[in-house]
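Comments concern the structure below.
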Amino acid sequence: MRIDVVTIFPPLLAGAFEHSIIKRARDRGVVDIRVHDLRDYTDDRHRTVDDYPYGGGAGMVMKPEPWFRAVESLRVRGNPGRAVLLTPQGKRLEQRLVQRLATEDRLIVLCGRYEGVDERVREYLADEEISIGDYVLSGGEPAAVVLVDAVVRLQPRALGSAESTVEESFAEGLLEYPQYTRPPEFRGWRVPDVLLSGDHGAVDRWRRGQQQERTRERRPDMLEDGGGSSQQS
Ligand code: 97T
């Protein structure tokens, strides 16, 4: 899979993709991630990416031309990829949407900034608008890191064998069970006896029970009967 990210802060993103699972996936050739500076697609001496809003008001608006130039030069015929604009007004990112994006051969991720992007970018350039949640960011860059991480770890061969099972439970629609490692007692807090029992059947049943209880307590919206399913898309 190829992922192009367009931003006015390339260093903010470059570092985020050089560690851990994303780094390994890149090293293995599972994903080709490239970060582009929007200013490289301007044509004036000052590399201008924003301008005053028509109609007045506070703040600046990102100009359309650099975005169109960037995406049109990154798109290749036959494999245009999906251009995704990160914005608070987009469709909320959840695992089902991540799964769908992960099947794309090519993604072009556009990081707008907080003040806003000319409407023609969302209307005529972006194929899709995505938000990572209901909070305000200074720009799309942190959202791009979230999106890319979630998509890359679903690529075949991105994860090691130990990590691949960890993914399953959220996709199954339940929260994870509690995890413990040594020591068996720390500051008087003991690891549940069942985990030390060596009875694998009992351990499985306990974990299932914990997953259900936790999900019911903390995320009833994830359960069928909890109302307001967040797994729809
Ligand atoms: O708050 C934002 C500002 C710019 C671009 C994206 C966002 C955002 O995306 N998901 C949540 C907020």
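Where a number appears in this text, it was derived from the coordinates with a stated rule and is not lab data. Note that the structure is predicted; figures quoted are calculated from it, not measured. Positions of Cβ are backbone-derived with ideal geometry, glycine not excepted, and every protein chain shown enters the neighbour counts.
Side notes on the structure shown:
- Choice from V109, V191, V49 showing the highest fluctuation, given a GNM over the chain with Cα pairs closer than 10 Å: V191
- Given their separation in residues at 0.36 nm each and the Cα-Cα distance between them, Y135 and Y54 gain 26.5 nm when the chain is fully extended.
- Grouping the Cα pair distances of region 169-224 into 5 Å bins from zero gives a pair-distance distribution of 4, 18, 24, 19, 17, 12, 5, 1 percent in increasing distance order.
- Computed FRET value (nearest 0.05) for D127 with D225, which takes r as the C-beta separation and R₀ as 30 Å: 0.25
- Working note: Karplus 6.51/-1.76/1.60 with θ = phi - 60° gives region 130-136 the couplings 10, 10, 8, x, 8, 8, 9 Hz, where Gly and Pro are set to x.
- Farthest positive-ward along region 11-121 dipole, Cα basis, beta-carbon charges - from G29, A16, G57: G29
- Applying 1/(1 + (r/R0)^6) with R0 = 22 Å to the Cβ-Cβ distance of A14 and R47 gives a FRET efficiency near 0.75.
- A viscosity of 0.692 mPa s and a temperature of 37 °C, combined with the Kirkwood radius over C-alpha pairs in the Stokes-Einstein formula, give region 49-108 a diffusion coefficient of 234 µm²/s.
- Largest GNM mean-square fluctuation among G173, G160, G198, using the chain with Cα springs under 10 Å: G198.
- Taking trypsin sites (Lys or Arg not before Pro) in DSSP loop states with no more than 14 other Cβ atoms inside 10 Å as exposed sites, the chain has its longest site-free stretch at 78-156.
- Here each label is just a point 7 Å from Cα along the line to Cβ, and for R214 and D40 those points are 4.2 nm apart.
- Charge dipole (debye, nearest 20) of the chain; +1 at Cβ of Lys and Arg, -1 at Cβ of Asp and Glu: 540 debye
- Listed residues D134, D118, D32, most fluctuating in the chain (Gaussian network, C-alpha, under 10 Å): D134
- If R0 is 45 Å, the Cβ-Cβ spacing of R187 and Y114 corresponds to a FRET efficiency of close to 0.55.
- Looking at region 1-87, the chymotrypsin sites (Phe, Trp or Tyr not before Pro) that sit in a DSSP loop and have at most 10 other Cβ atoms within 10 Å of their own Cβ are Y54.
- Estimated 222 nm signal from helices in the chain, with DSSP H stretches of n ≥ 4 weighted -39500 (n - 2.57), rounded to 500: -9500 deg cm²/dmol
- When the alpha carbon coordinates of region 138-199 are projected onto the principal axes, the ranges are 45, 31, 22 Å, largest first.
- Viscosity 1.306 mPa s, temperature 10 °C, Stokes-Einstein D of the chain from Kirkwood C-alpha radius, µm²/s: 78 µm²/s
- Rg/Rh, computed from the Cα trace of region 1-41 with Rh as the Kirkwood radius, has the value 1.01.
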